[in-house]
Amino acid sequence: MASSTFKAAGFLLCVLCLSVVAQTPAKKIGTSTISGKITLKGNGIGGIRVAVRDKNSGRTRVGLTAITDAEGNYRISNVPRGTFEIMIGSPKFVVSGSEPIKTLIVGEGETYDSVNFILVRGGVITGRITDSEGRPVIEEHVAISGPEDNPSQERFSRINLFSASTDDRGVYRAYGLVPGKYRVSAGIKEEDLGFRTGGSYKQTYYSAPSDANKPTLVEVAEDGEATNIDIVLRRSQVTFRVTGKFVDAETGKPIPNVTYGLEKYNEHGSSSTSGMTSTGQGEFAFNNVTPGKYAVFMEPSSTHEFYAEPVRFEVTDQDITGLLIKTSAGNTVSGVITVEGMDEKEARVLLNGMMIMANRPSDQERFRRYQPVHGMVNGVGSFRLSGLQPGMFEFSVFGGGRSESPECEITRIERNGMVAARLVEVKEQINDLRVFVKCHRGGIRGVVKIENVELPAMERVQVSVKRVGEEFHNGAELDARGRFSVMGLKPGIYEVYAVAYWNGKNSLSTTQQVVVAENQVSEVTVTLTPKP
């Protein structure tokens, strides 16, 4: 047994160790701060929530929210580097002007003051949707949009204001609208029929009784309510119901929880909808399907070990029942991704959240755009793709969806220690695929300046970046300060093209060349000079 002297010495040593750890300064993270003021009629307003959302992922970051104080001030700290959107959350108020959501390109260790918002009380449009017999149309989609000759009216302060739904009386109420003029319609476009579970009514715009053949603009005042915006819907044509089941090709047993979709063919190509899930008995159904040619397809999933060929059918003058989508056991491809030219720690961060995709060559018509199989990559580069049908596959990788993620491309693929072709034939289980990836971290950051004109006075400013000799353009959105950022660029010479519009028709533009070195970010100032 240890003596009390050794115990005391050991305890003292532990205390000293903890003291050293506690006194070691934490590594400073280059985060930034965003602050501003929210006002209503010139006065600060408290209790308004402000949130910072990652522009790439569309998700609000944990901890990056604030509530305005009694004077309307807010402050959000610990904002990392990236491109973010600053939003206001309030059901009663909307943001005045044409910029309800402010984009901000955030650097490291910077302070962004005066990211301000002016609020006004939102307006309301309400009415009733009925059919030709005067009966209420329940759970019908009602769309609210700005007039075509004034696109700026289509901007809203909240995402869910583009539509509303009717209740059991056929009544709808769209609230929180920015003051302005709107078009109101119910029903769906003719070409979209067959792709929704609601009614089969043709899209109809609200029209005033004095001019029933022309859409009438509905004006909404601040804190005002436009009432009796009623619409009478008529069915466009007879629709039918299509039902079927997913079953195992060998046993005939139903396959539950299959993600599937529907594709509709027309003379100009096709359109599709997806994201639906079969029942516990493998059943699927489509309501309100108009006459035409269709195909039911299964969406590949990382949780599915099987695949199914699309089943085509045609709707003419009756319901379609008993369609069978037969699933077969698929092959599995697993392996590891290696990032070249990057240290292990940085590669782990990049790999965690990367996606790898296996796609059939586009020249095989029967395997259409809904056939790619994808899977996530973990921090050590391992991946697994399941449910692949036999055939040739082409592989590609995508970044983790974070702001300013590098652009990555596959440089070579190895199997059994030998370099494989660009296209990999899958006819059995593959568990030793090695995929080598190179990531480009070059980029262009810049600012657009317009001589003698304030940037907010412009209706629209667009920026695009194109590598000399290539056709592909990278679009770049300006933030609230006129800054832009395009990342993931290969080394080379690029053209930065900027164009500004105002007064509905006038414009000015310029093109500037920028050299991007490997893994380097080039800074540029693009100046537009209005002519006298």
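Laid out as a table, the results:
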| item | result |
| --- | --- |
| Region 166-306, accessible surface, carbon-and-sulfur percent (1.4 angstrom probe) | 45 percent |
| Region 294-354, accessible area per residue, ligands and nucleic acids excluded (1.4 Å, Å²) | 50 Å² |
| Rounded accessible area per residue of region 35-99, 1.4 Å, Å² | 49 Å² |
| Between region 243-273 and region 69-92, the Cα center-to-center distance that results, in Å | 44 Å |
| Efficiency of FRET between Asn416 and Lys490 - r from beta-carbon atoms, R0 41 angstrom, step 0.05 | 0.85 |
| P(r), alpha carbons of region 222-358 - 10 Å bins starting at zero, rounded % | 9, 29, 22, 17, 14, 7, 1 |
| Cα-Cα over 26 Å, subset of Lys245/Lys293; Lys189/Lys326; Lys37/Lys181; Lys490/Lys531 | Lys189/Lys326; Lys37/Lys181; Lys490/Lys531 |
| Efficiency of FRET between Leu40 and Glu250 - r from beta-carbon atoms, R0 45 angstrom, step 0.05 | 0.10 |
| Label-to-label distance, nm, for residues given as Lys92 and Met355 (7 Å Cα→Cβ offset) | 4.1 nm |
| Stretchable slack from Asn116 to Leu217, in nm (0.36 nm times residue separation minus alpha-carbon distance) | 33.3 nm |
| 3J(HN,Hα) from dihedral phi, region 515-522, Karplus parametrisation 6.51/-1.76/1.60, rounded to Hz, x for glycine, proline | 9, 10, 8, 4, 6, 10, 10, 9 |
| Two-site FRET efficiency, Thr259 against Ser509, from Cβ-Cβ distance with R₀ of 60 Å, rounded to 0.05 | 0.85 |
| Calculated diffusion of region 206-270, Stokes-Einstein form, Kirkwood radius summed over Cα pairs, 37 °C and 0.692 mPa s, µm²/s | 182 µm²/s |
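The values are calculated or read from the model by the stated rules, or taken from the named source; none is laboratory data. Fair warning: this is a prediction, and the values are worked out from it, not measured in the lab. No Cβ is skipped: glycine too gets one built from the backbone with ideal geometry, and neighbour counts run over all protein chains shown. Areas reflect the complete protein model, heavy atoms only, side chains present, ligands, DNA and RNA absent. Shrake-Rupley method; radii C 1.70, N 1.55, O 1.52, S 1.80 Å.
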